[in-house]
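Visitor: This is the structure, below, for whatever I ask next.
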Amino acid sequence: MTRFLPILLLLSSTTLLPQSLKETADDHFNHAKYELALKDYQKYLKHNSKDSSAWYNLGMSAMNLKDYSHAIEYLKKAQENHFPPSFTSYNIAKAYVLNNNEEMAIKTLQSGADNGTVAYKRISTDGAFDKIKNQEGFKKALEKIRLNAYPCLQDEKRRHFDFWIGEWDVYARGQKVGENSITLADGGCVIHESYTTAGNYSGQSMNYYDPIDEKWHQHWVGAAGDTYNYIETDKDDGMLQFESKFMNIQGKISISRMTFTHNDDGTVRQLMESSNDYGKTWQVAFDGLYKPKAQ
């Protein structure tokens, strides 16, 4: 049996060779040794032509070496082997731009947008696209990619409460009592509230639509230690109503009802009511009017 040992060792070494090459290529790539990485990835891919990550890194090696034609070729191979399109479409388009083929850059972005590319931040902040950023084709593709990245922005159910978004002065009984900054957050999936007064009190809330129960929710925390977990009880065009249980100063459970109404003049009314008898009767706790802050 000893005379067969060298052959077995050779076969074992040959079997391990491709993976060893991949590890070496990855190490070169991660240390920005792109010429060495390119050579090792090319050798490795002769044995593993379906490895999309190797094709991608090969393409990026060529990109960093400013060999844009080969970068496009290799990145398309990565794409064919199902590497995430947000990376491939973005970098193929970038390579086309850097290779002075603006038409193909825009077509690549349009195709990527249609296939679910979500690389909005990368594309919108990459200076390589400055030369085409004012072209209509680029603008349309980028907008589609933005909506791919942030699907809440085009979900009508999540846009119901947008009438509250803005920078507001808050009045009660004709007197200014505070200021409220209502902003979109997390790709339009959250409406964030930051309320301040001239005194010690302030608070914040997170407002969102839950597709599971198909209702709006508001989680409020105030500087006085007050917390409310509101859930939608009614809504209509320009109106949204919530209710939440809370502990009153007597230590008993009460109900808070909060109704927002968008007025024709652009103001918003926030009516807060409370009930100590489980909703049989209601008392006004706060009747506020939001006026847009002067620009």
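Visitor: Give just the number: which of (1) of a type in the set (Gly, Ala, Ser); (2) in contact with a Leu (Cβ under 9 Å, 6 or more places away or on another chain); (3) at positive phi does Gly288 not satisfy?
Guide: Status for Gly288: all satisfied but (3).
Visitor: Okay, moving on. Since Ser53 meets every condition but one in (1) more than 19 Å from Thr117 (Cα to Cα); (2) surrounded by fewer than 24 Cβ atoms within 10 Å (Cβ to Cβ), which condition does it not meet?
Guide: Unmet for Ser53, out of (1) more than 19 Å from Thr117 (Cα to Cα); (2) surrounded by fewer than 24 Cβ atoms within 10 Å (Cβ to Cβ): (1).
Visitor: Sort through Thr197, Thr183 and tell me the only one that's without any contact (Cβ under 8 Å) to a residue 60 or more places away in the chain and either under 26 Å from Cys152 (Cα atoms) or aromatic (Phe, Trp, Tyr) (or both). So that I can check it myself, show each step before the final result.
Guide: Working: Thr197 fails: either under 26 Å from Cys152 (Cα atoms) or aromatic (Phe, Trp, Tyr) (or both).
Just a single option satisfies the conditions, and that option is Thr183.
Visitor: What are the residues in the stretch 188-214 that are surrounded by fewer than 15 Cβ atoms within 10 Å (Cβ to Cβ) and more than 23 Å from Ile249 (Cβ to Cβ), if any?
Guide: Answer for the stretch 188-214, where residues must be surrounded by fewer than 15 Cβ atoms within 10 Å (Cβ to Cβ) and more than 23 Å from Ile249 (Cβ to Cβ): Ser194, Ala198, Asp210, Pro211, Ile212, Asp213, Glu214.
Visitor: Tell me, which residue of the stretch 223-245 that is over 23 Å from Leu289 (Cβ atoms) and not aliphatic (A, V, I, L, M) is modelled with the highest pLDDT?
Guide: From the stretch 223-245, those over 23 Å from Leu289 (Cβ atoms) are 225, 227, 229, 231, 245; that's our starting set.
Still in the list and also not aliphatic (A, V, I, L, M): 225, 227, 229, 245.
Values: Gly225: 91, Thr227: 93, Asn229: 97, Lys245: 94.
Checking each candidate, the answer is Asn229.
Visitor: Something else now. What helices (runs of 4 or more DSSP H) completely inside the stretch 62-167 contain at least 3 residues that are within 24 Å of the chain's Cα centre (by Cα)? Don't jump to the end; show me each part of the working.
Guide: Working: elements: 68-80, 85-98, 102-114, 120-125, 136-149.
Of the helices (runs of 4 or more DSSP H) lying wholly inside the stretch 62-167, those with at least 3 residues that are within 24 Å of the chain's Cα centre (by Cα) span 85-98, 102-114, 120-125, 136-149.
Visitor: Same structure, new question: Quick one: Ser254 ticks every box in (1) loosely packed, with under 14 Cβ neighbours inside 10 Å; (2) over 18 Å from Glu193 (Cα atoms) bar one, so which box is it?
Guide: Of (1) loosely packed, with under 14 Cβ neighbours inside 10 Å; (2) over 18 Å from Glu193 (Cα atoms), only one is false for Ser254: (1).
Visitor: Let me confirm something: among Asn115, Asn91, Asn148, which residue is surrounded by fewer than 14 Cβ atoms within 10 Å (Cβ to Cβ), without any contact (Cβ under 8 Å) to a residue 40 or more places away in the chain and on the phi < 0 side of the Ramachandran plot?
Guide: Values: Asn91 fails: surrounded by fewer than 14 Cβ atoms within 10 Å (Cβ to Cβ); Asn148 fails: surrounded by fewer than 14 Cβ atoms within 10 Å (Cβ to Cβ).
Within the list Asn115, Asn91, Asn148, the selection yields Asn115.
Visitor: Could I ask something else about it? Taking the residues in the stretch 262-279 that are part of a loop (DSSP other than H, G, I, E, B) and modelled with pLDDT of 95 or more as candidates, determine which candidate is nearest to Arg173 (Cα to Cα). So that I can check it myself, show each step before the final result.
Guide: Going through the stretch 262-279, the residues part of a loop (DSSP other than H, G, I, E, B) turn out to be 263-267, 276-279.
Pick out the ones that are also modelled with pLDDT of 95 or more and you get 263-267.
Values: Asn263: 17, Asp264: 20, Asp265: 18, Gly266: 18, Thr267: 15 Å.
Checked the stretch 262-279; the qualifying residue nearest to Arg173 (Cα to Cα) is Thr267.
The values are calculated or read from the model by the stated rules, or taken from the named source; none is laboratory data. The structure displayed is predicted, hence computed values, not measured ones. For neighbour counting, all protein chains shown are included, and Cβ atoms are generated from backbone atoms with ideal geometry for every residue, glycine included.
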